[in-house]
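First up is the structure itself, then whatever we jot down about it.
Where a number appears in this text, it was derived from the coordinates with a stated rule and is not lab data. In this text, all values refer to a predicted model and were calculated from it rather than measured experimentally. Note that each Cβ is placed from the backbone with ideal geometry, even for glycine, and that neighbours are counted across all protein chains shown.
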Amino acid sequence: MSVPRLTGEGRATALLVSVGAGVAVVFALHAALPPEFAQMIVGPPANFPFTIHAAEWLAFFVGLGELFVRLRSAGSELAELDRNYLPHDRQVALQIGKNLEDYYRRVRESETADVRFLPRLIQRIIRQYHGSRSIDQAHSLLNSSLELFMHEIDLRYSMLRYTAWVIPSLGFIGTVVGIAGALRKAGAIDPTQMADNILGRLTTDLGVAFDTTMLALALSMVLVFLMHLVQGREEAALNRIAQYCTDNLIIRFYKD
């Protein structure tokens with residue numbers, strides 16, 4: 001089917017756009033901020049743009065791109081509810097051999113039949129009921145399918161969780177590298193130089209080192225917060241889908 005291919009292309013496009021946006025923001029911050037603030041946010045000018053700060057920004061924007069994909073996916077799942085797969089008239093009963101097969105065929109012929117949660121769930125429940133003639137078994141299948149779908153949603157956030165872990169890790173790496181560089185400079189300084197000179201040079205290097213951790217923690221806090229919001233939206237969409245199937249499918253099964 002075409003939908004999985006388009007979904008993959010959309011994710012690749014989001015990745016490219018997010019990386020491009022990250023690069024643009026890094027250069028914009030470097031150009032717009034005063035030197036002392038630019039050093040804190042995007043790294044020392046001598047090493048720009050190849051700084052730990054820039055790597056943190058790029059990872060952050062990659063995470064934002066993935067969040068955008070997940071947000072669009074949640075919207076697409078909710079949009080399935082407007083396709084009218086099932087009757088909304090409370091007086092309509094679903095019976096094998098009368099109208100149930102027609103509704104199954106309508107769902108099966110949808111372009112999202114094997115992609116989105118709602119058509120997948122409707123097909124499973126109808127097949128189960130058609131084979132067992134048991135409403136209880138159909139309801140049990142609904143519950144077990146919801147657990148699997150919830151796990152499927154959670155798996156989709158594995159890369160985002162990794163990105164949220166990578167950002168502070170980059171910050172700590174930057175701090176370690178900065179401290180190591182400051183210690184190397186301290187060992188190379190002539191002991192006959194003024195102590196104030198030595199202290200000033202070391203504190204500047206150490207300040208840059210700790211800036212990477214500060215920036216990383218701030219970016220990861222924002223990313224994790226947004227991740228929880230978007231994941232909550234996906235889970236809420238799944239809950240609405242479950243309610244839709246209960247109200248318009250399970251309780252409408254009718255046996256002669």
Open item on the list: Are there DSSP H segments in the chain that both extend 27 Å or more along their axis (alpha-carbon positions) and score a mean Kyte-Doolittle hydropathy of at least -1.0? List them, or say none.
Closed with: 2-32, 52-79, 135-155, 158-188, 195-248
Open item on the list: Less than 10 Å Cβ to Cβ from VAL69, Lys/Arg counted +1 and Asp/Glu -1: what total charge do the surrounding residues give?
Closed with: +3
Open item on the list: I need the Debye-formula profile for region 19-69: one equal scatterer per C-alpha, no solvent, reported as log10 I(q)/I(0) at q = 0.16, 0.17, 0.27, 0.30 1/Å, two decimals.
Closed with: -0.42, -0.46, -0.96, -1.11
Task: Rh (Kirkwood; distinct C-alpha pairs) - region 2-252, Å - done: 21.9
Open item on the list: Once R0 is set to 22 Å, what does the formula 1/(1 + (r/R0)^6) return for the Cβ-Cβ distance between ASN84 and ILE251, expressed as a FRET efficiency to the nearest 0.05?
Closed with: 0.80
TODO: Quick one: net charge around PHE225, please, counting Lys, Arg +1 and Asp, Glu -1 for every other residue with C-beta under 15 Å from its C-beta.
DONE: +2
Open item on the list: Only sites in a loop by DSSP and with at most 10 other Cβ atoms within 10 Å count here; which GluC sites (Glu not before Pro) in region 104-158 make the cut?
Closed with: GLU109
Open item on the list: One quarter of the convex hull surface, Cα atoms only: what value does that give for region 75-195 in nm²?
Closed with: 13.3
Open item on the list: I'd like the distance separating the alpha-carbon centroids of region 218-240 and region 52-129, in whole Å.
Closed with: 19
- [ ] Once you have all Cα-Cα distances for region 2-103, histogram them in 5 Å bins from zero and send the whole-percent values.
- [x] 2, 11, 14, 13, 10, 9, 8, 7, 6, 5, 4, 4, 4, 3, 1, 0
- [ ] Scan region 1-96 for chymotrypsin sites (Phe, Trp or Tyr not before Pro) in coil per DSSP, keeping those whose Cβ has at most 13 other Cβ atoms within 10 Å, and list them by number.
- [x] PHE50
